[in-house]
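Comments concern the structure below.
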Amino acid sequence: RPVLTLYRGNTVVASNDDWGLADFPRLTAAFDRAGAFRFASQTSRDAALYLALEPGAYTLQTASGDGSPGNVLVEIYEVP
């Protein structure tokens, strides 16, 4: 399963590895407002972050939670 970690400089701003366990209703509503696709279900093992960020430079790191190789699709939206 993927793990997302957002950094500002060397500081971890946020991290997630199970979006459905984080805040299912709030994230699903944000997906709809942004015009993004929804994940299959609340039990999906995908990762998602929903944050209000100050202007500046950030780094988003993706990794495998169990160390196995894989592919990642990252999409970033501005949510109204």
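Within the range 21-60, the set of residues being assigned to a helix (DSSP H, G or I), surrounded by 14 or more Cβ atoms within 10 Å (Cβ to Cβ) and within 13 Å of the chain's Cα centre (by Cα) comprises Ala22, Asp23, Phe24, Leu27, Thr28, Ala30, Phe31.
Take the conditions open to solvent by 70 Å² or more (accessible area, probe 1.4 Å) and either of a type in the set (A, V, I, L, M) or outside any loop (DSSP other than H, G, I, E, B) (or both) and apply them to Ala63. Does it pass? It is false that Ala63 is open to solvent by 70 Å² or more (accessible area, probe 1.4 Å) and either of a type in the set (A, V, I, L, M) or outside any loop (DSSP other than H, G, I, E, B) (or both).
A search for C-beta distances below 7 Å between a residue of the range 23-36 that is farther than 13 Å from Glu75 by Cα and any residue that is part of a helix (DSSP H, G or I), counting only pairs 6+ apart in sequence or on different chains, returns Leu27/Trp19. Taking the listed residues Val3, Val72, the one that is in a loop (DSSP other than H, G, I, E, B) and in contact with a Ser or Thr (Cβ under 8 Å, 6 or more places away or on another chain) is Val72, with no other qualifying.
The values are calculated or read from the model by the stated rules, or taken from the named source; none is laboratory data. Because the structure is a prediction, the values reported are computed rather than measured. Virtual Cβ from ideal backbone geometry, glycine too; neighbours counted across all protein chains shown. Ligands, DNA and RNA are excluded from the accessible area calculation, which covers all protein heavy atoms including side chains. Shrake-Rupley method; radii C 1.70, N 1.55, O 1.52, S 1.80 Å.
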